[in-house]
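This report refers to the structure that appears directly beneath it.
A short reminder: the numbers here are calculations on the coordinates, not readings from a lab. Here the structure is a predicted model, which means the values were calculated and not measured. As a convention, Cβ positions derive from the backbone with ideal geometry for all residues, glycine included, and neighbour counts pool all protein chains shown.
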């Protein structure tokens, strides 16, 4: 791909960070713009924490703890232990090195910067040259309704280990929110758009719930590809299966296709699902098959390259049709 | 001493914390009330940091790093290193465990608690049963005027290693400040009052500058003792010598006596100064001599016991005079 590529990636969660780890090695980071879920953001110990923005920043800065999929590599938890001793909540684990990011973000926002500006500043200080955009500077919060209570995403996912049945998911604040500066422009001027293999409901879902973003995905002339986070009828990791089901979607590549059906051009699914296309007959989406399970660094780069070459082929095909 | 003792200690700095470490072993902590300097407090990384309150809290909780004289024992500095990498100031060293205290204090104050309330809450959570009172809930800031600039105490002391000549010292905000709740009552109802071997100008000086505190020290019926932080014409540690000189006071036990002359009953000085009483002829203060250099845990307890027995003798003598 040429240096004029503008690759825009919608992402959130650990699956997204894994894919981004491959992508950053497959193309120059200057070609990459990330539109990141912020509906899992929380106030923690008085600090503004943005888990998905942090994971993307850390992976691009080569600082992500890849065993856990979140936080900073080789981090320690001295402050957390002291917080627990002081009777403060400790179920959301912030490492000592990780804390610096939250302290700086909180300060930047208290000084009057937007989340966009704080995100760009933190990324620059970590030496990240890719562009990281929060989906919105307005506060949007994923709320997971369970039989017992109404939980934030982190309460549902981290504190309660996604063991509760999910009745419904909503994105509080989304109706009145606006996309962060640059988000719609990035989508409209992109050469390719990729939806990372993130949870379609709680990682990509909140991004799509921001008024204007879904419309931009429908309008953009760039081909839009998604990598399925569902393989063989189950999520590769996390609660994507239960969450798809809670929305009345099948827990399969067809469910992923349905979630994105109004704007998706290509669905890249695992070779394990090559024969699971029965449900997709109604869909206009084109399927591509590859190994989507990212175990090694090589798996990640290979997946990124495959996705990019599928998209490049799509661009060539469309160009051929037009001439 | 009986369980009805009410021992009130004015303190600040590393000398104060050392003395308190002995005192807490010499008497039941329930008998102790500390009135602590807050004029070195600073906003750091967006957090509210109270170095002297923390040192007293940590020493009473048996958590103080005694090698340094500040911070938490066995602490690590991962967050600090990351802050430095992010281009944030790192000259004021906050450890990872120490950070928990500042995060909690900042949250408590943001939730509407006063510094007094936050201090009591933090102390209780650390299991401290002695009473720790900030000198004031109003913001008072020690400013050190040097030939080059006007510095905060931490800039002068920590960042610039007290190498600048001192022209003058002032306590910005003191004129309009009030003592924190309980401070004046504690002094007036005390059975004994002790000024720790802290810097008379920048640790005890700000406490005395709060309107009402010096008057309470003059009015209290309790005997007031000070332990001299000056031995053989020099400070045991830190810049007390230069600071006394900047106020036109001699760098000697006589300078300490002069700083406190309107309310001091007993000055407890080191045996090394037993013959340095020439300048004290004008003073009404009574001198007591002991080893004031605290190297071992035993030195600290011995000094505390000696101070308490000097005060007990003073109470008995006064009682005898009255009957």
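Taking 37 °C and 0.692 mPa s as the conditions, I'd like the Stokes-Einstein D for the range B:98-253 in µm²/s, using the Kirkwood hydrodynamic radius from alpha carbon pairs. Value of D from the Cα-based Kirkwood radius: 191 µm²/s. With its label point defined 7 Å out from Cα along the Cα-to-Cβ axis, residue A:291 lies at 7.3 nm from the matching points of the other copies, in increasing order. Across the range A:7-322, Cα pairs under 8 Å and at least six residues apart give a relative contact order of 19 percent. Of all beta bridges that DSSP places with both ends in the range A:7-322, some 40 percent have antiparallel geometry. For the range B:26-116, the Stokes-Einstein estimate of translational diffusion at 25 °C and a viscosity of 0.890 mPa s comes to 172 µm²/s, using the Kirkwood hydrodynamic radius over alpha-carbon pairs. Can you classify the range A:84-147 as rounded, prolate or oblate using the Cα gyration tensor, where a ≥ b ≥ c are the square roots of its eigenvalues, rounded means a/c under 1.5, and otherwise it's prolate if a/b beats b/c and oblate if not? Taking the square roots of the gyration eigenvalues as a ≥ b ≥ c, the range A:84-147 is oblate. With both residues required to sit in the protein assembly as shown, DSSP beta bridges show an antiparallel share near 40%. Against the main long axis of the alpha-carbon atoms of chain A, helix A:297-322 sits at an angle near 40°. With a Förster radius of 30 Å applied to the C-beta separation of residue B:121 and residue B:92, the computed FRET efficiency comes to 0.80.
For chain A, the longest principal axis of the C-alpha atoms and the axis of helix A:115-125 are separated by about 90°. Based on the Kirkwood radius over alpha-carbon pairs, what is the Stokes-Einstein translational diffusion coefficient of the range B:1-154 at 25 °C with 0.890 mPa s viscosity, in µm²/s? Using the Kirkwood radius from Cα pairs, D works out to 151 µm²/s. With q set to 0.05, 0.06, 0.12 Å⁻¹, the log10 of I(q)/I(0) for the protein assembly as shown, from the Debye formula over equal scatterers at the Cα positions, is -0.34, -0.46, -1.09.
Comparing A:313, A:61, A:174 in a Gaussian network model of chain A (Cα springs below 10 Å), the most mobile by mean-square fluctuation is A:313.
Seen against the Cα atoms of chain B and their longest principal axis, helix B:51-60 is set at about 70 degrees. The simple spin-label model puts a point 7 Å past each Cα toward its Cβ; for residue A:218 and residue B:247 those points are separated by 7.4 nm.
Once you sort the root eigenvalues of the Cα gyration tensor of the range A:228-290 as a ≥ b ≥ c, which label holds: rounded (a/c under 1.5), prolate (a/b larger than b/c) or oblate (the other case)? Oblate, since a/c reaches 1.5 and b/c is not below a/b. For the rotational copies A and B, the chain A residue with its Cβ nearest the relating axis, together with that separation in Å, is A:96, 2. Listed from fewest to most Cβ neighbours within 10 Å, the set A:189, B:228, B:168 follows the order B:168, A:189, B:228. Shown here are the Rg and Dmax of the Cα trace of the range A:7-322, at 18.8, 66 Å. Using a Gaussian network model of chain B in which every pair of alpha carbons under 10 angstrom is joined by a spring, one finds that among B:114, B:142, B:176 the greatest mean-square fluctuation is at B:176.
Select from B:112, B:12, B:233 the residue whose mean-square fluctuation is largest in a Gaussian network model of chain B (Cα-Cα springs shorter than 10 Å). In this elastic network of chain B, the residue with the biggest mean-square fluctuation among B:112, B:12, B:233 is B:112.
Shown is the FRET efficiency for residue B:319 and residue A:81, computed with R0 = 41 Å from the Cβ-Cβ distance and rounded to the nearest 0.05: 0.25. What FRET efficiency comes out for residue A:185 versus residue A:297 if R0 is 35 angstrom and r is the Cβ-Cβ distance? Round to the nearest 0.05. Approximately 0.60, to the nearest 0.05.
Mean residue ellipticity at 222 nm, helices only, the protein assembly as shown: -11000 deg cm²/dmol; runs of at least 4 DSSP H residues each add -39,500 (n - 2.57), and the sum is divided by the number of residues. Placing pseudo-labels 7 Å out from each Cα toward the beta carbon at residue A:237 and residue A:312 gives an inter-label distance of 2.9 nm.
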